[in-house]
Amino acid sequence: MRAIHDVPAPAKLNLFLHITGRRADGYHLLQSVFMLIDWCDTLHFERRADGRISREDLGVPLPQDDLIVRAARALQAAGDARHGVHIAVQKRIPAQAGMGGGSSDAASTLLALNRLWGLGLTRRQLAAIGLPLGADVPFFIHGSNAWVEGVGERIRALALPPARFVVLKPPAGLDTGSIFRAEDLKRDSEPATITGFAANPFGFGHNDLQPVAERLCPSVRQGLELLAQHGLRGRMTGSGSAVFALLADEALQAFSASSGVPPGWQGRVCGNLEVHPLGGWALRDK
């Protein structure tokens, strides 16, 4: 195999995000449900014989040493791969949105290169390589909607009913670290249960990061107000700044007939995914 084209890297939404405590090392303990959606970046991989790793940006320019390049280098070292790769990237998922775009790109890179280079690594092995790149990378590698706990390392697959959502991303982004460092961040939510979540999966809980995010980035509140104008109950995903809301059929029609989002914003109606598009691209762990 010399090339793999049109490799998707889907975004995620956090249906809720509770901070239940903080470890002695400063890492926050969380509970969340990560849900895959069909807003995707697209990557193309051409094997190189010279061992070099190169990247071409087909749309939005990326930092020179982004997670895609770092993931390729990490896999090359861990798998003792003799081949290199040229990666072309069509970036569509907005950055600093809380949608996991960079982590998803890294995960799809690991999955694709595992196949292109014939390494035969399992999901668990790829997740271990991906974890130092970002806490969300193992979620995308495991490939299912999931209940997530701890510092993001405890992942339990979760089935969700099909649904559609509107997602809005303002021009301003948010730095995750600045939110977690905030003194007014709520860090003592009561632990939730999967049973409690299952009773109301798209209306359960809250996002503990949202009040701080609204203070740091007023566009978050603006996005929520825009959704409310259409009768939609919005919530921020992850550390923001994107917000989203569940769409019923009537709400979908109303939103589609609206004048759209403010200039400079990105908005899309998305469906959730049952599994990651590359779910079968790594060996299952025994």
Counting only residues that are modelled with pLDDT under 95 and not assigned by TED's automatic domain parsing to the domain that holds residue 42, give me the helices (runs of 4 or more DSSP H) lying completely in segment 103-218 with at least 2 of them.
176-180
Suppose we keep only residues that are within 23 Å of the chain's Cα centre (by Cα) and free of Cβ contacts under 8 Å to residues at least 60 places away in the same chain within segment 175-200. Which one would you say is surrounded by the most Cβ atoms within 10 Å (Cβ to Cβ)?
182
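Conditions (1) among the hydrophobic types (A, V, I, L, M, F, W, C); (2) at positive phi, marked per residue:
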residue: 126; (1), (2): yes, no
residue: 140; (1), (2): yes, no
residue: 152; (1), (2): no, yes
residue: 177; (1), (2): no, no
residue: 201; (1), (2): no, no
residue: 206; (1), (2): no, no
residue: 218; (1), (2): no, no
If you check every pair at least six apart or on different chains, which have Cβ atoms under 9 Å apart with a residue in segment 201-213 that is closer than 14 Å to residue 224 by Cα first and a residue that is assigned to a helix (DSSP H, G or I) and of a type in the set (Val, Ile, Thr) second?
210/220; 213/179; 213/220
Go through (1) touching a residue at least 60 places away in the same chain (Cβ under 8 Å); (2) closer than 26 Å to residue 61 by Cβ and name the single condition residue 123 misses.
(2)
Test for residue 172: is it touching a Ser or Thr at 6+ places or on another chain (Cβ under 7 Å) and free of Cβ contacts under 8 Å to residues at least 24 places away in the same chain
no
Please tell me if residue 247 is in contact with a Pro (Cβ under 8 Å, 6 or more places away or on another chain) and of a type in the set (A, V, I, L, M, F, W, C).
no
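The values are calculated or read from the model by the stated rules, or taken from the named source; none is laboratory data. This is a predicted model, so every value here is computed, not measured. A quick note on method: Cβ atoms are made from the backbone with ideal geometry, for glycine too, and the neighbour counts reach across all protein chains shown.
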